[in-house]
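Single-structure report; data block below.
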Amino acid sequence: MNTAEQQIVKLGAPVGKADAYLPLELMEPKTFELFCCELIKRRLKIEDGKIIDAMTIGISGQSQFGADIVSHRQHGNQDVYSLYEVKRCKKFTESHYISTVKRFNEHREKWQVNINEFYIFLCEKASAKLIAEYKKQEALFKELNVVHRLLDTEMIHDWLKNLYCPDLLYRFCHESWVSLFYGERALLNIKNYGLWDYNESSAWRNYTHPYEHINGDTYTLQNDHVFIQAFLPNLKGSRLSCFIDFRNGRYSHALLTMSQNDLLNSAFEGAYSPPEAGVRPWVLKELYGENYYCDIGNCRLALTLNETRSLCDAFDKFWRCYKQRMEEIDRICRTVDFSNSTPLGDNIHLITIPYWLWGRINVFCQHHDYLDTEGEWSIFNPMRERLMVFTRHKNEVMNGGHHVTLLANRDPNFDRLTNHRVALIWQPPSRYNLDSLEEDVVGPRNYWDALTTYRWLVEKLIPAADSWYCANFFPERSGWQRLSFLVPRHIPYTSDDIYSHYQPESNISVEQVDSKQSLLVLLTELQNFFNIYTRRVYFRASEFEQLCDAFLFLLNKTTVNYWGYIRGSVNASQEERESVVAALQKYRRESTFYDKNSSLCDYLLRGMMALFRDGDCHINEVEAIKVATLLRPFVDKVSEGRFLRRCQKRL
């Protein structure tokens, strides 16, 4: 605390019904002087010109040349010097006023600069006689080219209101005066964010309560500390992005933006975990303190625990909204089983084929143009690196119009010098909006989804195009090799020539467990995930207790033939049931509120799987469902983690 702060004696709380003005006469003289000096600094900041300095003068007993405060500012090329006399007395009469003016005139030349302004601050209302004398002296000062003002409590009150400085009032007065002058929200923000030149962001001007809202592709969220406006992906290929505004006055000047890469690789990691868990990669606790450092975009912000919790909660809700949007696009475009693509139905790699096979397909399409030919396969609008399917008339299977666009690009995963391959890529129907999408607009009858297109390619187009090409074209030969009985046929394609990106993943679900065998499948899926996915996972104590309970329940229903592996998985002291049970009960008892030990989770799942291998498990259908229900929190974490990894795969 500096010397000036040590000299401040705060004005007490209002007693009874508060007056219209601050009782400045109750302030200590030195406190009132410092209060006026800070108020002057705030006033000069909003006026034209540059402030050089503003300070109180001397200490008790020193000559002050007829003033208590001096300020110096530059307006254009002119220096402006101002003197201020502070009068903290219960009754300031016209005789006192005349003495003050006389003292100023006597010492004005001693300042060695041209004094342009002279102000007198009062801690009370000015009397009629005092105002009359002030008006008389004001005219005399004008002849000297000096601006003169008399500021009583009413004028000081107006300055406080117009300048909006709750932090100043908080420093010099009881906090009740802050809420009386500026409202409860001003006091709340000072308590939340600290004491400085507070300017709340305009986003909170009419804020009343937390909310989130989606309008088309625009997502808006606001809580007590954070405002997020984001743009969600859609069928037109727009990417995820957002900007963040903080209520905290320290950051009210900063509007932070985050790209899709920032959000998926950082902000959405460790979703639904509290800051204290230390799981989120962008949250770092102070080494010696209670606050947190949050890395947002390219900035590192120092936030309180409550602010950090609000930011985490905002990102969690944002992630949930994004996930729902992606799942909706996934469902519409049927892209869930194309694991090399994002959930957004854009740039979906369906298959890769040899370059020569693409050449056959391209020739086939050119000979079956939908405008120039008639027939079953007259549906193509072929281009060099693109294939478009149209139908002119509605039939039993399809409606008329545009059905799909496929891009043909060189597959980057193969060496083009030794193995030319082409990737056929499905493009989403960019002309549609999700919020106005009618039923079946994307599907086999209209614009084909990714799965429909894939099956059509593999089961219909490629066999038909290859067969037609082999029947109608022959390899080029010269001389006697051109005789018809010697002309060889083209070799047809085989299934080995097609590399499929259609790879259905096993969807882990508690509802699918209905037997001992399906429970083992669930345990295997969980163990595979937690064996690899060791970062950004946390467990509540209650969740870890459920895992131990599931292990103990299975153990009680199993006749174990070999204890070696099971003992090692729980780090039991001996190869016997009692030792394993004691180890599990110890884990359960000592589980912390937040646990990041995913390797222990991996070991326990391995031990549960070993019960099926190294013993005879006697659980029935109902008991298998009970164990699966205990494991639900871990199943949910696997589902969230896999979905996020799939979103990140193509970044």
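A few points about this structure:
- Pair LEU255, GLU396: separation of 7 Å Cα→Cβ label points (nm): 5.9 nm
- Rounded Å value of the spacing that divides the Cα centres of the range 511-578 and the range 600-646: 6 Å
- Ordering of 569-575, 389-395 by burial proxy (mean other Cβ atoms within 10 Å per residue, highest first): 569-575, 389-395
- Here the alpha carbons of the range 115-154 define both size measures, Rg and Dmax, at 10.4, 28 Å.
- The range 554-626: C-alpha gyration tensor shape, a/c 1.5 cut-off, then a/b vs b/c: oblate
- In the range 513-647, lysine pairs with alpha-carbon atoms under 14 angstrom apart (chain gap of 8 or more, or interchain): 4
- Semi-axes of the equivalent ellipsoid for the range 215-346, computed as √(5λ) from the eigenvalues of its C-alpha gyration tensor and ordered from largest down, come to 29, 16, 12 Å.
- Under the span-like rule (Cα at least 18 Å along the axis, Kyte-Doolittle mean at least 0.0), DSSP H helices of the chain: 29-46, 516-532, 541-556, 598-613
- ARG445 exposes around 120 Å² of accessible area when a 1.4 Å probe is run over every protein chain in place.
- ASP449 long-range amide H proximity, modeled H, under 5 Å: GLY443
- Fully extended contour minus Cα-Cα distance, from LYS136 to ASP614, at 0.36 nm per residue: 161.4 nm
- Shape call, the range 230-281: gyration tensor on alpha carbons, a/c limit 1.5: oblate
- Relative contact order of the chain, pairs being alpha-carbon contacts under 8 Å that are 6 or more residues apart, as %: 9 percent
- Residues LYS30, LYS285, LYS87 ordered from highest to lowest accessible area at a 1.4 Å probe: LYS285, LYS30, LYS87.
- Ranking ASN192, LEU407, PRO444 by how far each Cα lies toward the positive end of the dipole of the chain (charges on Cβ) leaves ASN192 at the top.
- Rounded to the nearest 10 Å², the accessible area of ILE498 at probe 1.4 Å: 30 Å²
- The range 104-127 residues near the modelled ASP79 label - backbone nitrogen below 12 Å, point 7 Å along Cα→Cβ: 111-116
- With the highest mean first, a sort of the peptides 400-411, 287-298, 124-135 on other beta-carbon atoms found within 10 angstrom per residue produces 400-411, 124-135, 287-298.
- When all protein chains stay in place and ligands, DNA and RNA are ignored, the 1.4 Å accessible-area order of ARG73, ARG577, largest first, is ARG577, ARG73.
- Base-10 log of normalised Debye intensity for the chain (one unit scatterer per alpha-carbon) at q = 0.06, 0.11, 0.12 Å⁻¹: -0.62, -1.13, -1.24
- Projecting the Cα atoms of ILE46, TYR164, CYS470 onto the dipole axis of the chain, where Lys and Arg carry +1 and Asp and Glu carry -1 at the beta carbon, places ILE46 farthest toward the positive end.
- The range 268-327-the range 199-218 distance, computed between alpha-carbon centres (Å): 19 Å
- In the chain, the calculated helix contribution to ellipticity at 222 nm averages -12000 deg cm²/dmol per residue, counting -39,500 (n - 2.57) for every DSSP H run with n ≥ 4.
- Given charges at beta-carbon only (K, R positive; D, E negative), |dipole| of the chain in Debye: 940 debye
- Each of TYR119, VAL560, PHE104 was placed along the dipole of the chain (beta-carbon charges, centred on the mean Cα), and the one lying farthest toward the positive end is PHE104.
- Over the range 98-205: Kirkwood hydrodynamic radius from C-alpha pairwise inverse distances, Å: 16.7 Å
- Euclidean distance between Cα centres, the range 234-252 to the range 83-112, Å: 56 Å
The values are calculated or read from the model by the stated rules, or taken from the named source; none is laboratory data. Quick caveat, the model's predicted, so the values are computed rather than measured. Note: ideal-geometry Cβ built from the backbone for every residue, glycine included; neighbour counts use all protein chains shown. Side chains are part of the model used for accessible areas, which takes the heavy atoms of the whole protein and leaves out ligands, DNA and RNA. Shrake-Rupley method; radii C 1.70, N 1.55, O 1.52, S 1.80 Å.
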